[in-house]
1. Of the beta bridges DSSP finds with both residues in the chain, what % are antiparallel, to the nearest 5?
2. Among 119, 30, 39, which one shows the biggest mean-square fluctuation in a GNM of the chain, springs joining Cα atoms closer than 10 Å?
3. If you keep only loop residues by DSSP, which trypsin sites (Lys or Arg not before Pro) in the range 1-103 have at most 15 other Cβ atoms within 10 Å of their Cβ?
4. Work through the residues other than residue 34 whose Cβ is under 14 Å from its Cβ and net out their charges, Lys, Arg +1 and Asp, Glu -1.
5. Pick from 87, 64, 52: which is most flexible by mean-square fluctuation in a GNM of the chain where alpha carbon atoms under 10 Å apart are linked?
6. Given only helices, namely DSSP H runs of n ≥ 4 each adding -39500 (n - 2.57), what is the per-residue ellipticity at 222 nm of the chain, to the nearest 500 deg cm²/dmol?
7. Gaussian network model of the chain, Cα springs within a sub-10 Å range: biggest mean-square fluctuation belongs to which of 48, 109, 100?
8. May I ask you to derive the relative contact order of the chain, considering only C-alpha pairs under 8 Å and at least 6 residues apart, and to give it as an integer percent?
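No value in this document is a laboratory result; all are computed from the given coordinates. Remember, it's a predicted structure, so these values are computed and weren't measured experimentally. Here the Cβ is made from the backbone with ideal geometry for all residues, glycine too, and neighbour counts use every protein chain on show.
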Amino acid sequence: MPQWHGGLLKRKRTGGRTRSHRRKRSYEIGSLPAETIIGETDLKVVRAMGGNVKYRLKTADQANVTDPATKKTTKVPILRFLRNPANIDYNRRGVITKGALIETELGEAEITSQPGVDGVLNAILRKAHE
């Protein structure tokens, strides 16, 4: 079922319903969230407005982690999902979005990319393993 982002049937200030002056347009269709989780990498290519392309990352097992101290980026496997402060339901299900915390071989890292748009997991190291 598609999601609509066009507000055709809004209410008036009095509480009454405004009459629609046109029908829904296909460019108003939204899409479901990617809801990336840990697993073997699965990438879906989606056409966006203007012929552009978005890359929906469904599952991922590696992340590009940047160490701010050395300014070096390495591709490392994800060990486990720690938490997602964006949504308690995502936290329970282990969904990775921008701002989620994961544990890698280098240490605890925070996701800085949008997996549902960029199709890749970029992260910054927060706490290195000692």
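1. Counting DSSP beta bridges with both partners in the chain, the antiparallel share is about 85 percent.
2. Result: 30 has the largest fluctuation of those listed.
3. For trypsin sites (Lys or Arg not before Pro) across the range 1-103 that sit outside H, G, I, E and B with at most 15 neighbouring Cβ atoms in 10 Å, the list reads 10, 12, 13, 19, 22, 23, 24, 25, 71.
4. Residues close to residue 34 contribute a combined charge of +3.
5. Per the Cα network of the chain with a 10 Å cutoff, 52 tops the list.
6. It comes out at -1500 deg cm²/dmol, rounded to the nearest 500.
7. Fluctuation is largest for 48.
8. The normalised contact order for the chain reaches 20 percent.
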